[in-house]
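Working notes, beginning with the structure itself.
The values are calculated or read from the model by the stated rules, or taken from the named source; none is laboratory data. Nothing here was measured: the structure is a model prediction, and the numbers come from that model. Positions of Cβ are backbone-derived with ideal geometry, glycine not excepted, and every protein chain shown enters the neighbour counts.
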Amino acid sequence: MIKAGIIGATGYAGAELVRILAGHREAEIKWYGSRSYIDKKYAQVYQNMFQIVDDTCMDDNMEELSKEVDVIFTATPQGLCASLVNDEILSRTKIIDLSADFRIKDVKVYEKWYGIHHPSAQYLKEAVYGLCEINRGDVKKARLIANPGCYPTCTTLSIYPLLKEGLIDPNTIIVDAKSGTSGAGRGAKTDNLFCEVNENMKAYGVATHRHTPEIEEQLSLAAGEHVLINFTPHLVPMNRGILITAYASLKKEVTYEEVKAIYDKYYENEKFVRVLEADACPQTKWVEGSNYVDVNFKIDPRTKRVIMMGAMDNLVKGAAGQAVQNMNLMFGLNESEGLDLVPMFP
């Protein structure tokens, strides 16, 4: 049985980790870390865990935690994991970091976009970007995982096959993205109040969103050249879900069958990426509560572009589910253990 600890267990992503691991047959949670709720019963913070989780919240002492568990999940703000990790801790336990601390390999890019100093840049080269469908082999051998961001996961998986096969012009990519409010975290913010969000939709982080360099880095690796994109996220009045619509110019004329064959080449054996049938557009409601990403495309011969679409649950495949998927690979388990979550509807 894998012993797991969670730092940041009372945030939305942390709570989703608790929910998923509660149904995992090969893992058990030994440490519910939460700086805000130390000594408070976890089920008093999240009453859905009443008579399911009897444990009390503890602090974020990674040093002590590393002596007690096999894997540590850090579902914390940027900078915390990087400030706590060290060689001694990594010699004792594996770490799956759900923040952005180890996702971007260029420390100068990270510090520019996040506006903070990186205290442990020496681990950037070692950290594996935990997008399992692309980096599965490296994930299996890792001791430090950079769990991908929600927007980058959905965007990369939607675009990756056509970019990898050289079918689209990498200099023409535009990404329009939309997310439910849980993506902003559980902290109290005026912009996330009910009256601000309800009956409203808005763009935010226009040309400045912090996931931009992460997406660009992953697409650059796929293209084999430096890729710059326009990325515009929007906040929509729903709890969960991400929908991305990406546009790019085609390098040549192609048929539906040719493009579909490319997506199938990359994803037909991937349990959690579902390539939809012709003309079916991904929808957030059909992936909610699950680790699935639904993707599809539409060729526009009039503009010689292709529209690539993806939908997923930002808290599952976009955070906690992906983290558990990484854990399963790291410990040699069935990759889908604990993640056979049928999408919820309505």
Filtered residues of region 23-39 (kept if among the basic types (Lys, Arg) and surrounded by 15 or more Cβ atoms within 10 Å (Cβ to Cβ)): LYS30
Per-region count, region 1-33, residues in a strand (DSSP E or B) and of a type in the set (A, V, I, L, M, F, W, C): 7
Among the candidates LYS105, LYS67, residue that is closer than 30 Å to LEU228 by Cα, surrounded by fewer than 22 Cβ atoms within 10 Å (Cβ to Cβ) and among the charged types (D, E, K, R): LYS105
Unmet criterion (only one of (1) in a helix (DSSP H, G or I); (2) surrounded by fewer than 24 Cβ atoms within 10 Å (Cβ to Cβ); (3) not basic (Lys, Arg)) for GLY166: (1)
Counted residues, region 171-219 - those being without any contact (Cβ under 8 Å) to a residue 24 or more places away in the chain, surrounded by 13 or more Cβ atoms within 10 Å (Cβ to Cβ) and of a type in the set (A, V, I, L, M, F, W, C): 0
Qualifying residue in region 277-288 (condition: farther than 30 Å from THR93 by Cβ, assigned to a loop (DSSP other than H, G, I, E, B) and outside the structural domain of VAL236 (by TED's automatic domain parsing)): no
Which numbered condition LEU341 fails, given (1) crowded, with 23+ Cβ neighbours inside 10 Å; (2) within 17 Å of the chain's Cα centre (by Cα); (3) not acidic (Asp, Glu): (1)
Flag for ASN291 being under 26 Å from ILE173 (Cβ atoms), of a type outside the set (Gly, Ala, Ser) and buried (at least 18 other Cβ atoms within 10 Å of the Cβ): yes
Options PRO161, PRO152, PRO148: the member that is surrounded by 22 or more Cβ atoms within 10 Å (Cβ to Cβ) and touching an Asp or Glu at 6+ places or on another chain (Cβ under 6 Å): PRO152
Residue satisfying all of: in region 289-302; in a loop (DSSP other than H, G, I, E, B) and either in contact (Cβ under 8 Å) with a residue 24 or more places away in the chain or aliphatic (A, V, I, L, M) (or both); farthest from LEU157 (Cα to Cα) among these: PRO301
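Conditions tested, residue by residue: (1) under 26 Å from LYS285 (Cα atoms); (2) of a type in the set (A, V, I, L, M, F, W, C).
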position: ALA142; (1), (2): no, yes
position: ILE145; (1), (2): no, yes
position: CYS150; (1), (2): yes, yes
position: SER158; (1), (2): yes, no
position: PRO161; (1), (2): yes, no
position: PRO170; (1), (2): no, no
position: GLY183; (1), (2): yes, no
position: CYS195; (1), (2): yes, yes
Among (1) under 30 Å from VAL275 (Cα atoms); (2) assigned to a loop (DSSP other than H, G, I, E, B) - the single one PRO152 does not satisfy: (2)
Matching residues in region 78-135 - criterion: being assigned to a strand (DSSP E or B) and without any contact (Cβ under 8 Å) to a residue 24 or more places away in the chain: VAL128
Residues (within 15 Å of MET309 (Cβ to Cβ) and not in a helix (DSSP H, G or I)) located in region 235-276: GLY241, ILE242, LEU243, ILE244, THR245, ALA246, TYR247, ALA248, VAL273, ARG274, VAL275, LEU276
Residues of region 186-230 satisfying the condition of being under 24 Å from GLY14 (Cα atoms) and in a helix (DSSP H, G or I): THR190, ASP191, ASN192, PHE194, VAL197, THR212, GLU214, ILE215
